[in-house]
1. Please specify each residue of segment 1077-1088 satisfying the condition of being at pLDDT 65 or above and either open to solvent by less than 80 Å² (accessible area, probe 1.4 Å) or not in a helix (DSSP H, G or I) (or both).
2. Among the listed residues Asp398, Asp389, identify the single one that is open to solvent by 20 Å² or more (accessible area, probe 1.4 Å), among the charged types (D, E, K, R), within 29 Å of the chain's Cα centre (by Cα) and at pLDDT 85 or above.
3. Could you check segment 230-253 and list, in sequence order, the residues that are open to solvent by 80 Å² or more (accessible area, probe 1.4 Å) and touching a residue at least 12 places away in the same chain (Cβ under 8 Å)?
4. Leu750 fails exactly one of the following numbered conditions: (1) surrounded by fewer than 19 Cβ atoms within 10 Å (Cβ to Cβ); (2) under 30 Å from Arg861 (Cβ atoms). What is the number of that condition?
5. Sort out which residues of segment 366-386 are without any contact (Cβ under 8 Å) to a residue 40 or more places away in the chain and either open to solvent by less than 20 Å² (accessible area, probe 1.4 Å) or part of a strand (DSSP E or B) (or both), and write them in order of number.
6. Looking at this structure, is Leu196 assigned to a helix (DSSP H, G or I), open to solvent by 10 Å² or more (accessible area, probe 1.4 Å) and touching a helix residue (DSSP H, G or I) at 6+ places or on another chain (Cβ under 8 Å)?
7. Looking at (1) touching a residue at least 24 places away in the same chain (Cβ under 8 Å); (2) touching a Ser or Thr at 6+ places or on another chain (Cβ under 9 Å), which is the only condition Asp549 fails?
8. Considering each residue of segment 769-811, count those that are in contact with a Gly (Cβ under 9 Å, 6 or more places away or on another chain) and open to solvent by less than 10 Å² (accessible area, probe 1.4 Å), and give that number.
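The values are calculated or read from the model by the stated rules, or taken from the named source; none is laboratory data. In this text, all values refer to a predicted model and were calculated from it rather than measured experimentally. Cβ placement follows ideal geometry from the backbone for every residue including glycine, while neighbour counts extend to all protein chains displayed. To get the accessible areas, we keep the full protein, side chains included, count just its heavy atoms, and leave off ligands, DNA and RNA. Shrake-Rupley method; radii C 1.70, N 1.55, O 1.52, S 1.80 Å.
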Amino acid sequence: MDDKGSVGKISVSSDSVSTLNSEDFVLVSRLGDETPSSTNNGSDDEKTGLKVISEEGVSFKIVGNGSEQQLQRELEDVLMDPSVADAGLGSEARMSNLGASDHGVLLNTASPVPAGTDPLSSPPPKLEMVLPVQTAQESELNERSYRADESSSEGSPCSPIPDEDSVVFSQLTYLGCASVNAPRSEVEALRMMSILRGQCQLPLDVTLSVPGVSEGTVRLLDPHNNTEIANYPIYKILFCVRGHDGTPESDCFAFTESHHNAEIFRIHVFRCQIREAVSRILYSFATAFRRSAKKILLSSQLNAPLTPDSDLFTFTVSLEIREDDGKGTFSAVAKDKDKQSFKLRAGLDKKIVIYVQQTSNKELAIERCFGLLLSPGRNVKNSDMHLLDLESMGKSSDGKSYIITGSWNPNTPQFQAVNEETPKDKFMYMTTAVDLVITEVEEPVRFLLETRVRVCSPNDRLFWPFGKRSYTETFYLKLRQMERKERKSPSSDTLYEVVSLESETEREKRKTSASPSILPSGPSTMAPSPPEDDEEEDNDEPLLSGSGDVSKECAEKILETWGDLLSKWHMNLAVRPRQLPALVRSGIPEALRGEVWQLLAGCHNNDHLVEEYRTLITKESPQDSAITRDINRTFPAHDYFKDTGGDGQDSLYKICKAYSVYDQEIGYCQGQSFLAAVLLLHMPEEQAFSVLVKIMFDYGLRDLFKQNFEDLHCKFFQLERLMQEYIPDLYNHFLNVGLEAHMYASQWFLTLFTAKFPLYMVFHIIDLLLCEGISVIFNVALALLKTSKDDLLQTDFEGALKFFRVPVPKRYRSEENAKKLMELACSMKISQKKLKKFEKEYHTIREQQEQQEAPIERYERENRRLQEANMRLEQENDDLAHELVSSKIALRKDLDNAEEKADALNKELLLTKQKLIDSEDEKRRLEEESAQLKEMCRRELDKSESEIKKNGSIIGEYKQICSQLSERLEKQQTATRGELEKIRSKVENCEKCSSLFNKEGRVRTAVTTTPADGTEETDEEKEGLKNQLREMELELAQTKLQLVEAECKIQDLEHHLGLALNEVQAAKKTWFNRTLNSIKTVTGTQGKETT
């Protein structure tokens, strides 16, 4: 079985990995409750496949129904993790140094060979996890030694990989196992992990060996002597999960396995002493879950020196544009029908993803990306480019290419040109550039991509096939090795400078413009045309089933019409739109068939069938050999089904097996595989199984296989009666040559024309069948007979059979012939009333034949039928009895588990009660302490209040004294001024005094002489006045002294007042005061409530 569709690598952030018997792998979201609409093999939660959940919650669903390269391209932006970007874990199951990781993990070889033994006969080297991370030089030496050991123990490159080629993880602890009912439920697994981790009392130290291929076995080893404790084949392991980050189980992982023929499911839980190694263990399980082992490369090829053959380096650069899909994720945009232009929707946030891969010459390491630029138009200047926000850069999961992701907001003014709707018949150009720093190249390198885009309304419904959605360009980088004297950093070993950088498009333009004369011209250079269909009809080889290419191209108007119809239909899925039959008669667009078929069949709510399918494929089918035999003969001409053991045959086998178990009355009948293959080409396994069940039951196809094909013979009779009515001459000719309808029309009814006819015609027939019912087979059969009437009238019995087998299917390989045939079939009106009439005629004839038949033969036939029914019922009874016993065993185990859980819960209850008693004691103690603290706080509060009152009274007294002194001083000043005014007025009125004093009251210096006779009187008066003046001056000095003393007292009081206010303010700001206030508030509130 090849490796298509499998996922070879996952990121370290993966939370769980699941598989089902090493089958399909699917990426699903963490919640997993949405059904994928544009995937090719997906499903919802507990999907059979690989489940990858990023730590950031990124959800996505992609199904591996194509090639590994396509799947990896879809996943590279999510699966890329810098801590594992350089990891080289392939089919050899080895890892190199994780240079950028803080907690890296190294896998070093450990291959001890006992003395005296042949190293070639010893098992291949095992890999063991070692921490801490070694240096880059040490890891390089380890990897070289590993490759040397690998090359010495490796046999033929085409020989299968032995089971011992595995990864060994040490420092693990086995916590135990338990039975589970839902082996693929992450919730159930995490719950059991938590229980076992908490209840494990005797953990067991083990070493875990995980194989690198699906044919291997997971082994538990004793770490002391490497003896095997237990083993679990990979095909029995169903699910692997790790504990979530931030929980006690973050260092644990577990896997579930089917025990005793898938009747019992067990989960095994482990704890890893090195938490960072849990992701590596899941990585190894993902590698082992792949369907087939890859061939080991020769060590000589691995270690071959990479030296440049020339100075030309080739790079492949791909551009992918993703838009916000409204669900929290970004989906790749559609490509227009010419496959040359991206179809964008206006106003939606976008992401630009660039893939850079070197395809020739010595590998150059890209150090970093320092610019992701975009601009409308082409041939733009560097100054017109606009820088985007760079989100991430790293290597892809296979380590071959670099992925650069940037966010693009088209609503900014500089991108207005590519955010406005363009006319339907026009397009515009957009230029994207990425600037890279290459380690060995002196200057940065810019790769420029010019693409065509069309902008449509954000409400438009976009359709596209499951094909390439990226634009790829090849670049030729010509470098020249620089000499040491030219280098800026002479210490480096090799350094190149860029000579030229040219894209494939530029090269082709240059060649075309330089030498137009070398283009081929004339009839001699024309390639031979392929033979016409009429020429190939002469070949006697019948047309292989699955032949013909179905184009996914469709006119824009048709897609718009279907888009409007589907939008209305999704509003009310219970009622089909009126215009639906007319559109279906013209053919459903290939890109929409998967969705429309499910809606027509009524499978829009088929969760129960999906869940049942996952259970059915785990059961054994009694018709397994017949299914396996028919799988190889189904659609051998189609690429998806032609490979033995490939993805297509694998999925087809599972669907046929599941239906044979689901419908035990009919089981698997030859021809069902063709119908299942047609459905698989348009939808995932689960949905294909659901539509197959609907066609078999609701459309009456299974009735054709019941009661010894009685209903099928009725259909043959109806067809012959229709021929008698519509094509009487051909009916008579068949009567003459003895050709009956069952000889040529059996496959038409049993396989619905899917076995021999080209796919374009087959798909159109299924369109009509799901829309109008199984009666359209009569329309198509009559149209085939009518168009081939002239040829059939010329044939005999053998010639007619050969004509039906070979020329008829080949005639409709061209779409034009097939369209004409389907138009003719749709134009023929065959009423259900007429078919009912023919059915009654058939049953009447059968009853007459049975009455004419001998009673013994009739009774024998009835006896055989009853015996077959009895055997079938006995088988069903045995199955039911087996299921009953199994259910009883499971219930007994569940009961035991419940009892164990009850005991554990009782223990927990007792512990909880003891903790409750302790908590109550602690509560009482704390309440007493709280009461004491409240009392102490109340005392302190009263003391503080008294101090505050005392300080307030002191302040009041200070204020009162100050006011009294101020009033007294003002009164004294007023009195002093009044007395001075009186004295001044007296002095002015006195003639003698006025001559001695001036107006200011000072003694005049110059005194005029007076007559001699008045000298004595003047002296006496002067003395009296001087005495009075001295007294007044003395009194004035005393008054001033009292004033100064009063002012000093006022200043002193103000100073004391300020200090008191500061102390009060500081006391209010202390934490103790705030605490007292809060307690006072609480106690006051409680006091009010008590009152």
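1. Asn1077, Ser1078, Ile1079, Val1082, Thr1083, listed by residue number.
2. Asp389
3. Of everything in segment 230-253, those that are open to solvent by 80 Å² or more (accessible area, probe 1.4 Å) and touching a residue at least 12 places away in the same chain (Cβ under 8 Å) turn out to be Tyr235, Asp245, Pro248.
4. (1)
5. Correct list: His386 only.
6. Against the criterion (assigned to a helix (DSSP H, G or I), open to solvent by 10 Å² or more (accessible area, probe 1.4 Å) and touching a helix residue (DSSP H, G or I) at 6+ places or on another chain (Cβ under 8 Å)), Leu196 does not qualify.
7. Failing condition for Asp549: (2).
8. Of the residues in segment 769-811, 1 are in contact with a Gly (Cβ under 9 Å, 6 or more places away or on another chain) and open to solvent by less than 10 Å² (accessible area, probe 1.4 Å).
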